[in-house]
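Visitor: Below you will find the structure I want to go over with you.
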Amino acid sequence: MGVTKAVIPAAGLGTRFLPVTKALPKEMFPICNKPIIQYCIEEAINSGIEDILIITGRGKWSIVDYYDRSPELEAHLAKKGNYLQLEKLRQLSRMANIHYIRQNEPLGLGHAVYCAKSFIGQNPFAVLLGDDIIKSDIPAIKQLMEVSEGTGSNVIGVQEVSERDVSKYGIIDPLHNDHDIYCVKDLVEKPSLKDAPSRLAIMGRYILNPSIFSSLEKIPKGAGGEFQLTDALKMQIKLEPIYACNLKGIRYDAGDKLGFLMATIEYALESPEIGLEFAQYLDTLYEKRKNMRIPFI
């Protein structure tokens with residue numbers, strides 16, 4: 001059976017964006033007029049996934065509210081005759097079968113995925129990190145699904161990163177490359193550059209077999225004192241092959257200030273409503289700073 005369920009972990013504390021994330025989940029930061037997490041949900045839907053489980057945590061109720069009905073607002077829009085906005089609003093609550101479960105403590109990605117065990121059942125499933133946006137012609141998770149359907153194995157999405165960024169990611173040790181598909185020999189969570197087996201970093205997209213839950217039950221706390229999904233995958237390598245797919249597309253770490261701003265600019269420039277005016281503004285800003293001899297740092 002193909003992948004019909006996805007898990008989106010969205011229970012992190014968002015410490016890179018403090019203090020605003022004390023009250024607002026980073027997954028709800030707007031990129032133009034859509035929150036970050038909606039890009040992940042749309043990616044899953046466009047890949048044919050029907051049921052989505054969002055792993056929430058303390059202070060994340062705005063995610064639940066966003067995908068719920070809002071009778072008062074709907075009545076207000078209907079009264080004003082704003083039927084286009086009304087239909088867009090209603091589409092949010094019926095765009096997919098969205099479920100929720102709460103991670104009671106921020107114990108890491110491995111623990112968050114384990115919270116989905118009873119939801120998943122016996123079929124392979126997708127995992128999309130709630131603050132990663134991947135802009136691509138073919139949805140990123142669909143690229144992994146195609147590899148999984150051909151191999152029946154766990155599949156990890158990867159991209160090559162710069163040397164200075166290696167220590168920020170889980171890094172794979174690839175055995176060989178077959179048309180951008182790697183057989184994974186080992187994985188290392190956030191290694192130093194000298195200890196990194198490659199520069200192929202895990203990019204927040206996975207297709208996992210339900211057998212991963214057995215390994216998640218056994219792993220001790222790892223990097224950062226948390227239960228790491230990477231450690232469970234290391235255990236799985238001894239039991240079954242794991243493949244990595246070199247993702248085609250542009251990935252934005254929207255849980256990081258720079259990544260968030262880059263995604264905002266890219267999507268704003270493509271907006272049919274504001275794209276042209278925004279591009280003109282950026283041109284004007286560039287010329288103004290150049291004439292004032294203010295460097296773009």
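The values are calculated or read from the model by the stated rules, or taken from the named source; none is laboratory data. The structure displayed is predicted, hence computed values, not measured ones. For neighbour counting, all protein chains shown are included, and Cβ atoms are generated from backbone atoms with ideal geometry for every residue, glycine included.
Visitor: With the requirement that a residue be surrounded by 14 or more Cβ atoms within 10 Å (Cβ to Cβ) and either free of Cβ contacts under 8 Å to residues at least 24 places away in the same chain or under 20 Å from the mean Cα position of the chain (by Cα) (or both), what does segment 147-166 give you? Don't jump to the end; show me each part of the working.
Guide: Restricting attention to segment 147-166, the residues satisfying the condition of being surrounded by 14 or more Cβ atoms within 10 Å (Cβ to Cβ) are 147-148, 151, 153-159, 161, 166.
Passing the criteria: Val147, Ser148, Asn154, Val155, Ile156, Gly157, Val158, Gln159, Val161, Val166.
Visitor: Please find, within segment 251-278, the residue that is surrounded by the most Cβ atoms within 10 Å (Cβ to Cβ) out of those that are part of a helix (DSSP H, G or I) and in contact with a helix residue (DSSP H, G or I) (Cβ under 6 Å, 6 or more places away or on another chain). Break it down into steps so the answer makes sense when it comes.
Guide: Narrowing segment 251-278 to residues part of a helix (DSSP H, G or I): 257-270, 275-278.
Narrowing further to those that are in contact with a helix residue (DSSP H, G or I) (Cβ under 6 Å, 6 or more places away or on another chain): 268-269, 275, 278.
Values: Ala268: 19, Leu269: 14, Gly275: 14, Phe278: 16.
Ranking the qualifying residues of segment 251-278, first place goes to Ala268.
Visitor: Can you find a residue in segment 147-162 that is within 19 Å of Ala116 (Cβ to Cβ) and of a type in the set (A, V, I, L, M, F, W, C)?
Guide: Checked segment 147-162: at least one residue is within 19 Å of Ala116 (Cβ to Cβ) and of a type in the set (A, V, I, L, M, F, W, C).
Visitor: Among the residues that make up segment 54-66, is at least one of them farther than 27 Å from Lys257 by Cβ and in the same structural domain as Glu226 (by TED's automatic domain parsing)? So that I can check it myself, show each step before the final result.
Guide: Pass one, segment 54-66, residues farther than 27 Å from Lys257 by Cβ: none.
No; the residues of segment 54-66 include none that is farther than 27 Å from Lys257 by Cβ and in the same structural domain as Glu226 (by TED's automatic domain parsing).
Visitor: Quick check on segment 186-206. Is at least one of its residues of a type in the set (Val, Ile, Thr), free of Cβ contacts under 8 Å to residues at least 60 places away in the same chain and within 28 Å of Gly2 (Cβ to Cβ)?
Guide: Filtering segment 186-206 for residues of a type in the set (Val, Ile, Thr) gives 188, 202.
Then drop every residue that is not free of Cβ contacts under 8 Å to residues at least 60 places away in the same chain, which leaves 188, 202.
Still in the list and also within 28 Å of Gly2 (Cβ to Cβ): 202.
The answer is yes; a qualifying residue exists.
Visitor: Another question about this same structure. Restricting attention to segment 223-235, does a residue exist that is of a type in the set (Gly, Ala, Ser), closer than 29 Å to Gly48 by Cα, in contact (Cβ under 8 Å) with a residue 60 or more places away in the chain and crowded, with 22+ Cβ neighbours inside 10 Å? Before the answer, list the steps.
Guide: At the first step, the residues of segment 223-235 found to be of a type in the set (Gly, Ala, Ser) are 223-225, 232.
Pick out the ones that are also closer than 29 Å to Gly48 by Cα and you get 232.
When the remaining residues are screened for being in contact (Cβ under 8 Å) with a residue 60 or more places away in the chain, the result is 232.
Of the ones still in play, those that are also crowded, with 22+ Cβ neighbours inside 10 Å are 232.
Within segment 223-235, one or more residues are of a type in the set (Gly, Ala, Ser), closer than 29 Å to Gly48 by Cα, in contact (Cβ under 8 Å) with a residue 60 or more places away in the chain and crowded, with 22+ Cβ neighbours inside 10 Å.
Visitor: May I pose another question? Collect the residues in segment 196-223 that are at pLDDT 90 or above and assigned to a helix (DSSP H, G or I), keeping them in residue-number order.
Guide: The answer is Ile212, Phe213, Ser214, Ser215, Leu216, Glu217, Lys218.
Visitor: Still on this model: Out of Ile212, Ile219, report the one residue that is crowded, with 23+ Cβ neighbours inside 10 Å and either small (Gly, Ala, Ser) or under 22 Å from Tyr114 (Cα atoms) (or both).
Guide: On the way: Ile219 fails: crowded, with 23+ Cβ neighbours inside 10 Å.
When all the criteria are applied, what remains is Ile212.
Visitor: While we're here: Run Lys88 past the list (1) farther than 17 Å from Tyr206 by Cβ; (2) of a type outside the set (Ser, Thr, Tyr); (3) touching a Phe, Trp or Tyr at 6+ places or on another chain (Cβ under 8 Å); (4) not in a loop (DSSP other than H, G, I, E, B) and report the number of the one that doesn't hold.
Guide: All conditions pass for Lys88, except number (3).
Visitor: Answer yes if at least one residue in segment 20-30 is surrounded by 19 or more Cβ atoms within 10 Å (Cβ to Cβ), among the charged types (D, E, K, R), modelled with pLDDT of 90 or more and over 16 Å from Lys135 (Cβ atoms), and no otherwise.
Guide: Scanning segment 20-30, I find at least one residue that is surrounded by 19 or more Cβ atoms within 10 Å (Cβ to Cβ), among the charged types (D, E, K, R), modelled with pLDDT of 90 or more and over 16 Å from Lys135 (Cβ atoms), so the answer is yes.
Visitor: May I ask you to say which residue of Glu240, Glu189 is under 24 Å from Ser47 (Cβ atoms) and either assigned by TED's automatic domain parsing to the domain that holds Asp131 or acidic (Asp, Glu) (or both)?
Guide: On the way: Glu189 fails: under 24 Å from Ser47 (Cβ atoms).
Answer to the selection: Glu240.
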